[in-house]
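*Asks:* So that we are looking at the same thing, I have put the structure below in structure tokens.
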Amino acid sequence: MTSTITVEHLWKVFGPKPERVVGTELADLPRAELRARTGCLAAVRDVSFAVEAGEVFVVMGLSGSGKSTLVRCLTRLIEPTSGEISIDGEAVRAMNARRLRDLRRHRVAMVFQHFGLLPHRSVLDNVAYGLEIQGLGRAERHRRAGEMLTLVGLDGHENQYPEQLSGGMQQRVGLARALAIDPAVLLFDEPFSALDPLIRRDMQTEVRRLHAEVGKTLVFITHDLAEALTLGDRIAVLRDGDVVQIGTPEDLVGAPADDYVADFVRDVPRSDVLTLRWIMRDPLDGETCEDQPLPATTVIRDAVPRILRAKLPVQVVDGDRPVGVVDADRLLPALISHHRQVPA
Amino acid sequence: MTATATPPTIQPDGRVVAVAGEGAAPWRRGLTRRRVLWVVLIAATVGAYLGFRTGGAADSDDAAAFRFFTDVRNWVDENRDTSPLFLYGFNYLRLGVRLLVDAVQAGLYGLGFAGLVAAAGAVALVLAGWRTALVAVGGFLAFGFLGLWAESVDTLVLTTSAVLLAVVIGVPIGVLAARVNWVSAILRPVLDVMQIMPTFAYLAPMTLLFLIGEPAAVIATLIYAVPATIRITELGIREVSPTTVEAATALGSTSRQLLTKVRLPMARPTIVLAVNQTIMMALSMVVITALIDAPGLGQNIIRALERVNVGAAFDAGLAIVIMAVVLDRITTGAARRRPAAPARHQRPTAANGVERVGAGRRDRWRAAGGRNRWAVAAGTLVVVVVLAVLPISEDLPHFSFAVPVNELTGWIELHWYDGTEWVKNVVSAGLLDPLEGVLTSTPWWLFVLVVAGFGTMASGVRAAVIAALAAAGIAGLGLWQHAMQTLATVLVTIVLTMAVGIVLGVWSARHDWFAAGLRPVLDAAQTMPSFVYLLPALALFGASRFTAIVAGFVYAFPPVVRLVDRGLRDVPAAVVEAAVSAGSTPRQLLWKVQLPMARGGLLLAANQGIVMVLAMVVLGGLVGAGALGYDVVAGFSQREDFGKGLAAGFAIVLLGILLDRLTQGFHHAKGPR
């Protein structure tokens, strides 16, 4: 299976004559020095990754790390400086204007942090906008838009205007608008950052549900680690335009690539993210175990009652193959090892 | 500057602070150096003045510039029907505008009295709701009651024609300027000059090219009003949320779809506002074009002003104000209107309960508008047609305010004479005469140098060079004395305006009840065409230089109050809160926090005010203020003075450019660093 999106050696440099930066010794300069020497800002530096079909790929970084620029480069809302992008095997940077428009109209849709709704149009016509500009007839596009509103739980709000809705509902409209064109790929640019924490959690649940229902490929930009860990199949951590680490939530928490990532994940309760694989040990010679083994993919937290109640160590299996054992001695450090959240 | 060249990024906090800290020290050193420079400059100016001052000889009536302009006029008169420039250019332009005016005139007159009143009501009803419709019908009926029906319709014809042209020309240019940066860059200085040109200065060149009468009036009005159309349209398009445009782009919109489905609809309220401003400016100008023989209410005012008959002018002034209010209400109503939403509306967030009540009421109105809009439009159309066909004439009983107003003016003259004379004499003798004496006895070259020096300090080298060139140009036109007299009047007026404007603005920003009371007054004042302001000034102070000062003051202080109030209120609430919690008294808050932070607004107010004051002071030439304004008026009425009049027009423009450039640096002042 080929990847849905592949990005290779992508650069985006803002400023005067950006092309002179890539591939020269300037490219290796730290951000501040590059800026002082050339007036250029390297927002995305030599980024490569691949997103598989149906995957939720999260790009995480602090503000200014280049993540929003990166996601805009994927459909050339921002023109990349160099590198290759391909979607469904087709080179995006080689597309002419018409082909690019087709890509945006049919295959890749985007959800924005500040919604970007049209205030002069009703909710229904906002959702139908993408279909309208494709030239779809009024009845058909309204029918499809209505279905999308049902999908995101906004039945009965068709004829309201965006300003009459709460932020969370507006973002649902943005989501419905993106889904309406039935794209293979959905790009989310910090879609929930402008929302209240409670609404944000609802929306995250909503995205997980929709992902399960419609099975799109998702690229999700966020600065919120918890959000990244909740949603992401894999996470790319960006700093100053560089990819620091790409991996599963487990990889990030269990084996951070450097101090930066380690610092990031310091407060994450390890037992919520890591699986038994990270705490199991090799069985001792002739050690007897509990009858019932646990799969290696079990999250530590879920295994706590079993392991604590067991008199003997519990065997960990990958499929049918035993790979190790865990006991309370291995479990407890993982439960308390993360950084204290409330000062003593 | 490199910071603005690249998109903003977030630096770690410490670094930003460090940079600011480094920058602060040299800046402070620069400040003391600036102070020294100012002192040196002022000392040098005073010294040079004392050393080189002249007797202030009166302007010649036969300067080279006047002769040149007279020659130009003679050439134009001789070649108007033979030169290809006129044959294929200006004459066709005149013909085209004449056709437009005739068509509009035929339309409005064709409706007849009852038909036009009904049509005004219908337009207001459809665009702005029934309240405004009542205002419109009442207003148009008032034209009949005042016995000024024909004049009002003539004014309306000219205004409508000019606004049609301004919208047809201005909106596309505004859209283009918003989308194409170099168009905007080229347009900006052109529009700047067009906007600082006092209304008066347009007229003479218009008569030269288009003769007198309606076409010249419409074209002058168009030139006066179209910058507002272009500017506000450009602003509206530029203000469209970039996120929304990006979202629409991400869905694959073509650039045409972006324009017609996103940018134009989202900018619609602002574009309607542009039309509103265009109408108000056009109306104000159309009245003044009576000076070049355009028909309408302006004629009545000018005739009355010439005879210092305040009462007779009052009726026409009232009609103009009524027309301004009606047109303003209709267009602002249209701007507020949103696309009709259907009746069903519930806000599920309980937290917004209060808001919901208000929103619900508004929605119901919208809903009613949406469902019935077409029915209402059709119904009113029928009414209009029926009334237009019925032979109802404008023979209403006439009410004139001429007699009571003249009696009131007489009473004021009789009883307040001592008071008004005292104010007049104090300002004239205490402020105006000394300043005028100094300015007129300054040799022109010294004035140019001083402008260059102070201009560089206040607004930078480029603006200073332009201002100095303008000053030299005034000298070259041979109207030095008159220009300096006008300048003295302008300076005195702006000082008074700023003093009163700041006090009222501060009060308005600090006391909501005062602001609420002041707002309708300011609104009304800004709707009124400039011409009207001459009337109360004339009633109180007779024909004199001081009348122009009063009129200029009354004309310019509303925007000054507005800008000061805005500037103070825009001081972030968090900063005010912090100062209050640190224990500031209200006085300390004002002087140490609010006024310094509102500096940008205050300086902008000064810049705006000075240009408005100039326009009005020049207009004061009609009521005895003399100097440049009088020269222009005389140029219209006496053929042999044409050259001087035209030169005076140019001198006014140059004076406007000079004053604007000198204070232009104020625009960019952003409060304290």
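*Asks:* Across the stretch A:75-94, what is the total count of residues that are surrounded by fewer than 23 Cβ atoms within 10 Å (Cβ to Cβ) and either under 23 Å from A:A226 (Cβ atoms) or within 12 Å of chain B (Cβ to nearest Cβ) (or both)?
*Replies:* 3
*Asks:* Taking the stated definitions as given, is B:L251 without any contact (Cβ under 8 Å) to a residue 12 or more places away in the chain and within 14 Å of chain A (Cβ to nearest Cβ)?
*Replies:* yes
Residues are listed down the side, and each one gets a yes or a no for (1) modelled with pLDDT under 75; (2) within 30 Å of B:I288 (Cα to Cα); (3) of a type in the set (A, V, I, L, M, F, W, C):
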{"position": "B:Q594", "(1), (2), (3)": "no, no, no"}
{"position": "B:A625", "(1), (2), (3)": "yes, yes, yes"}
{"position": "B:L658", "(1), (2), (3)": "no, yes, yes"}
{"position": "B:L662", "(1), (2), (3)": "no, yes, yes"}
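*Asks:* If you check B:S530 against the conditions, is it of a type in the set (S, T, N, Q), over 29 Å from B:T289 (Cα atoms) and touching a residue at least 12 places away in the same chain (Cβ under 8 Å)?
*Replies:* no
*Asks:* In this structure, does A:I279 turn out to be touching a Lys or Arg at 6+ places or on another chain (Cβ under 6 Å), surrounded by 14 or more Cβ atoms within 10 Å (Cβ to Cβ) and either in the same structural domain as A:D318 (by TED's automatic domain parsing) or without any contact (Cβ under 8 Å) to a residue 24 or more places away in the chain (or both)?
*Replies:* When the stated conditions are applied, A:I279 passes them.
*Asks:* Find the residue count for the stretch B:235-277, including only residues that are under 15 Å from B:A178 (Cα atoms), of a type in the set (V, I, T) and not in a helix (DSSP H, G or I).
*Replies:* Number of matching residues: 1.
*Asks:* Quick check on A:T38: is it in contact (Cβ under 8 Å) with a residue 60 or more places away in the chain, at negative phi and either within 9 Å of another protein chain (Cβ to nearest Cβ) or touching a helix residue (DSSP H, G or I) at 6+ places or on another chain (Cβ under 7 Å) (or both)? First the steps, then the outcome.
*Replies:* On the way: in contact (Cβ under 8 Å) with a residue 60 or more places away in the chain: no; at negative phi: yes; either within 9 Å of another protein chain (Cβ to nearest Cβ) or touching a helix residue (DSSP H, G or I) at 6+ places or on another chain (Cβ under 7 Å) (or both): yes.
No.
*Asks:* Scanning the stretch B:187-221 for residues that are of a type in the set (A, V, I, L, M, F, W, C), touching a residue at least 40 places away in the same chain (Cβ under 8 Å) and more than 21 Å from B:L619 (Cβ to Cβ), which turns out surrounded by the most Cβ atoms within 10 Å (Cβ to Cβ)?
*Replies:* Per the stated criteria, the residue is B:F210.
*Asks:* Yes or no: B:I230 modelled with pLDDT of 85 or more, surrounded by 17 or more Cβ atoms within 10 Å (Cβ to Cβ) and either away from chain A (no Cβ under 14 Å) or within 28 Å of B:A335 (Cα to Cα) (or both)?
*Replies:* Judged against the criteria, B:I230 is a match.
*Asks:* List every residue pair whose Cβ atoms sit under 8 Å apart, with the two residues 6 or more apart in sequence or on different chains, where the first one lies in the stretch A:3-22 and is over 14 Å from A:R35 (Cβ atoms) and away from chain B (no Cβ under 14 Å) and the second, anywhere, is among the hydroxyl-bearing types (S, T, Y) and buried (at least 23 other Cβ atoms within 10 Å of the Cβ).
*Replies:* The qualifying pairs are A:T4/A:T217; A:I5/A:T217.
*Asks:* Got a sec? Which helices (runs of 4 or more DSSP H) wholly within the stretch B:1-112 have at least 1 residues that are at pLDDT 65 or above and touching a Ser or Thr at 6+ places or on another chain (Cβ under 9 Å)? Steps first, please.
*Replies:* Working: elements: B:2-5, B:13-52, B:64-79.
The qualifying helices (runs of 4 or more DSSP H) are B:13-52, B:64-79.
*Asks:* While we're here: Of (1) facing chain B (nearest Cβ under 8 Å); (2) of a type outside the set (A, V, I, L, M); (3) assigned to a loop (DSSP other than H, G, I, E, B), A:R104 satisfies all except one. Which?
*Replies:* (3) is the only condition that A:R104 fails.
*Asks:* I would also like to ask the following. Mind counting the residues in the stretch A:141-158 that are over 13 Å from A:A178 (Cα atoms) and not in a helix (DSSP H, G or I)?
*Replies:* Qualifying residue count for the region: 6.
*Asks:* If you check A:E140 against the conditions, is it more than 9 Å from chain B (Cβ to nearest Cβ), of a type in the set (D, E, K, R) and closer than 19 Å to A:K216 by Cα?
*Replies:* Numbers: more than 9 Å from chain B (Cβ to nearest Cβ): yes; of a type in the set (D, E, K, R): yes; closer than 19 Å to A:K216 by Cα: no.
It is false that A:E140 is more than 9 Å from chain B (Cβ to nearest Cβ), of a type in the set (D, E, K, R) and closer than 19 Å to A:K216 by Cα.
*Asks:* Among all residue pairs at least 6 apart or on different chains, which show Cβ distances below 8 Å where the first residue, located in the stretch A:148-161, is more than 12 Å from chain B (Cβ to nearest Cβ) and the second is in a loop (DSSP other than H, G, I, E, B) and surrounded by fewer than 21 Cβ atoms within 10 Å (Cβ to Cβ)?
*Replies:* A:L149/A:D155; A:L149/A:E158
*Asks:* One residue is enough: does the stretch A:117-129 have a residue meeting the conditions within 19 Å of A:V207 (Cβ to Cβ) and at the interface with another protein chain (Cβ under 8 Å from one of its Cβ atoms)?
*Replies:* Taking every residue of the stretch A:117-129 in turn, at least one turns out to be within 19 Å of A:V207 (Cβ to Cβ) and at the interface with another protein chain (Cβ under 8 Å from one of its Cβ atoms).
*Asks:* Restricting to the stretch B:458-477, what's the tally of residues that are in contact (Cβ under 8 Å) with a residue 60 or more places away in the chain and either of a type outside the set (G, A, S) or crowded, with 22+ Cβ neighbours inside 10 Å (or both)?
*Replies:* 8
*Asks:* Looking only at the stretch A:213-229, which residues are more than 11 Å from A:M60 (Cα to Cα), of a type outside the set (D, E, K, R) and crowded, with 19+ Cβ neighbours inside 10 Å?
*Replies:* A:T217, A:L218, listed by residue number.
*Asks:* Across the stretch A:122-136, what is the number of residues that are surrounded by fewer than 21 Cβ atoms within 10 Å (Cβ to Cβ) and touching a residue at least 40 places away in the same chain (Cβ under 8 Å)?
*Replies:* Total meeting the criteria: 1.
*Asks:* Can you name the residue in the stretch A:324-344 that is modelled with pLDDT of 85 or more and β-branched (V, I, T) and is also surrounded by the most Cβ atoms within 10 Å (Cβ to Cβ) among such residues?
*Replies:* Looking at residues that are modelled with pLDDT of 85 or more and β-branched (V, I, T), I get A:V326.
The values are calculated or read from the model by the stated rules, or taken from the named source; none is laboratory data. Just so you know, these numbers come straight off a predicted model, no measurement behind them. Note: ideal-geometry Cβ built from the backbone for every residue, glycine included; neighbour counts use all protein chains shown.
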